[in-house]
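Notes to accompany the following structure.
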Amino acid sequence: MSDSLSSASLLLPREDGFRLECSFEFPNFGITVLFGASGSGKTTVLRCIAGLERAKGFVKVDGVYWQNDEQKLFLPTWERPLGYVFQEASLFPHLTAKQNIEFAVKRSKSTDARSRMEEAIDLLGIRGLLGRKPAQLSGGERQRVAIARAVATEPKIMLFDEPLAALDFKRKSEIMPWLEKLKTNLKIPMLYVTHSAEEVLHLADNLIVMEDGRIKTSGALTDVLANIDLPIKIGEDTGVLLKGKIVSKDKEWLLMTVDCGNIALHIGDNGQPIGSPASLRILAREVVFAKEQPSGLSVQNAFEGVVEEISVQKDSSGALIRANCSGKIIVGKLTRKALSELDIKEGSQIWLLIKSVALLSV
């Protein structure tokens with residue numbers, strides 16, 4: 001495996017019957033989300049990487065083994081340069097926010113921990129909170145302090161165990177942009193556990209889907225979502241994620257155009273400025289297919305594409321189509337009856353009409 005990737009192979013049977021058995025790799029940058037239902041093994045994976053539980057196998061982070069059973073190597077947690085953020089902030093209640101962060105800095109082996117602490121404070125926008133004690137902070141503010149504390153130790157990897165689970169919608173919306181900023185600036189791998197579709201779509205660069213202690217599928221987020229052989233339901237339905245930037249606005253009709261590279265979509269203006277990035281979620285059920293170029297319809301977004309793959313869903317009346325539209329993948333759902341009547345096959349030229357596009361808030 002390349003040292004541009006971190007990796008792990010874990011085998012952990014438990015007396016209660018649960019068995020973790022997985023091998024995976026992930027890039028040494030960006031956020032890799034572990035996604036799945038409760039009890040699928042997501043948190044157990046984090047705990048094994050942190051050395052809090054001992055599985056059989058190996059853990060290799062940024063080219064360095066933290067565990068290698070063949071070499072009889074197992075570093076205890078305190079020797080692993082990692083930052084761990086839990087559901088609850090777990091701050092010392094009698095210390096100020098700054099003192100909580102400094103507590104971690106004093107125990108760090110890094111000579112640059114102090115400067116990293118200052119960087120984390122600025123990245124997470126908490127300089128104005130440093131003199132307050134945890135009881136004087138909101139849930140989102142406490143979690144930002146906890147993240148800064150973890151970052152200040154200058155870790156080689158950040159582990160997040162559902163850090164937003166205890167927050168309400170407003171607090172989650174406040175903290176996610178800070179996590180995205182952290183991802184951009186830290187340049188270290190982050191493993192992030194969640195079962196929230198919103199967090200997956202906002203934060204994930206890569207996705208590992210777990211089920212019953214095993215990995216169901218993994219890869220770049222856009223690739224996993226576009227895989228119709230093993231459709232992954234993130235939130236309401238299967239669908240794809242397109243990323244682009246806002247290039248123009250139509251003030252008369254309150255619309256804006258998002259350029260996703262080779263294709264552009266027209267959506268409602270949400271106030272974001274021209275030039276800003278935009279992530280668009282297109283659900284499979286919002287795609288309609290036509291054999292000829294449509295006209296006289298209210299749908300604003302229609303693209304010609306080539307059918308790359310068809311997946312007929314077992315024991316169901318439905319089918320999924322993966323189409324390539326000028327290099328961008330769109331997945332749509334239709335009935336097997338419609339598939340037959342339209343005579344759609346792999347390689348067919350078709351038109352895709354997108355009824356609705358969800359713009360993910362930033």
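The values are calculated or read from the model by the stated rules, or taken from the named source; none is laboratory data. Small disclaimer: the values here were computed from a predicted structure and weren't measured. Because the Cβ atoms are built from the backbone with ideal geometry, glycine has one as well, and the counts that use them run over all protein chains shown.
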task = Go through (1) loosely packed, with under 15 Cβ neighbours inside 10 Å; (2) touching a helix residue (DSSP H, G or I) at 6+ places or on another chain (Cβ under 6 Å) and name the single condition Leu10 misses.
result = (1)
request  = Would you point out the residue of the range 58-100, among those that are within 30 Å of Arg144 (Cβ to Cβ) and among the hydroxyl-bearing types (Ser, Thr, Tyr), that is surrounded by the most Cβ atoms within 10 Å (Cβ to Cβ)?
outcome  = Tyr84
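Each row is one residue, and each column tells you yes or no for (1) assigned by TED's automatic domain parsing to the domain that holds Phe26; (2) of a type in the set (D, E, K, R); (3) within 12 Å of the chain's Cα centre (by Cα).
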position: Leu164; (1), (2), (3): yes, no, no
position: Trp178; (1), (2), (3): yes, no, no
position: Ile188; (1), (2), (3): yes, no, no
position: Ile208; (1), (2), (3): yes, no, yes
position: Ala220; (1), (2), (3): yes, no, yes
position: Trp253; (1), (2), (3): no, no, no
position: Thr257; (1), (2), (3): no, no, no
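I'd like to know if the range 46-63 contains one or more residues that are on the phi > 0 side of the Ramachandran plot and either among the polar types (S, T, N, Q) or in a strand (DSSP E or B) (or both). Let's see the steps before the verdict.
Here is the first cut: in the range 46-63, the residues on the phi > 0 side of the Ramachandran plot are 51, 57, 62-63.
Within this subset, residues satisfying the condition of being either among the polar types (S, T, N, Q) or in a strand (DSSP E or B) (or both) are 57.
Yes, that holds for at least one residue.
Looking at the range 75-97, which of its residues are part of a helix (DSSP H, G or I) and either touching a Pro at 6+ places or on another chain (Cβ under 9 Å) or under 22 Å from Leu167 (Cβ atoms) (or both)?
The initial filter retains those residues of the range 75-97 that are part of a helix (DSSP H, G or I), namely 77-79, 97.
Correct list: Ala97 only.
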remark   = Considering the range 80-118, residues that are at pLDDT 90 or above and of a type in the set (D, E, K, R), and then whichever is nearest to Leu182 (Cα to Cα), we arrive at Glu118
inquiry  = Which of the numbered conditions does Ala55 fail, given that it passes all the others? Conditions: (1) within 18 Å of Asp161 (Cα to Cα); (2) buried (at least 21 other Cβ atoms within 10 Å of the Cβ); (3) touching a helix residue (DSSP H, G or I) at 6+ places or on another chain (Cβ under 8 Å).
reply    = (1)
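Among the listed residues Asp212, Asp237, Asp250, Asp223, which satisfies the condition of being of a type in the set (D, E, K, R), surrounded by fewer than 18 Cβ atoms within 10 Å (Cβ to Cβ) and under 17 Å from Ala278 (Cβ atoms)? Show your work before the answer.
On the way: Asp212 fails: under 17 Å from Ala278 (Cβ atoms); Asp237 fails: under 17 Å from Ala278 (Cβ atoms); Asp223 fails: under 17 Å from Ala278 (Cβ atoms).
One residue alone meets the criteria, Asp250.
If I ask for residues that are β-branched (Val, Ile, Thr), touching a Leu at 6+ places or on another chain (Cβ under 7 Å) and over 15 Å from Met158 (Cβ atoms), which ones from the range 23-78 would you list?
Within the range 23-78, the subset β-branched (Val, Ile, Thr) is 31-33, 43-45, 49, 59, 61, 64, 77.
Pick out the ones that are also touching a Leu at 6+ places or on another chain (Cβ under 7 Å) and you get 31-33, 44-45, 49, 77.
Scanning the range 23-78 gives a single hit, Thr44.
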key: Where Thr184 falls short, out of the listed (1) farther than 25 Å from Ser7 by Cα; (2) surrounded by fewer than 24 Cβ atoms within 10 Å (Cβ to Cβ)   = (1)
key: Every residue from the range 124-162 that is farther than 18 Å from Glu88 by Cα, among the charged types (D, E, K, R) and without any contact (Cβ under 8 Å) to a residue 40 or more places away in the chain   = Arg127
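Being of a type in the set (Lys, Arg) and not in a loop (DSSP other than H, G, I, E, B) is the filter; apply it to the range 101-148 and report the residue that is surrounded by the most Cβ atoms within 10 Å (Cβ to Cβ). Can you show your working first?
So the first thing to find is which residues in the range 101-148 are of a type in the set (Lys, Arg), and the list is 106-107, 109, 114, 116, 127, 132-133, 142, 144.
Now narrow it down to the ones that are not in a loop (DSSP other than H, G, I, E, B): 106, 114, 116, 127, 142, 144.
Details: Lys106: 8, Arg114: 15, Arg116: 20, Arg127: 12, Arg142: 24, Arg144: 27.
Here the answer is Arg144.
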task = Could you name every one of the strands (runs of 3 or more DSSP E) located completely within the range 163-253 that has at least 1 residues being of a type in the set (Lys, Arg) and closer than 28 Å to His266 by Cα?
result = 239-250
task = Quick one: count up the residues across the range 25-40 that are farther than 15 Å from Ser196 by Cβ and not small (Gly, Ala, Ser).
result = 6
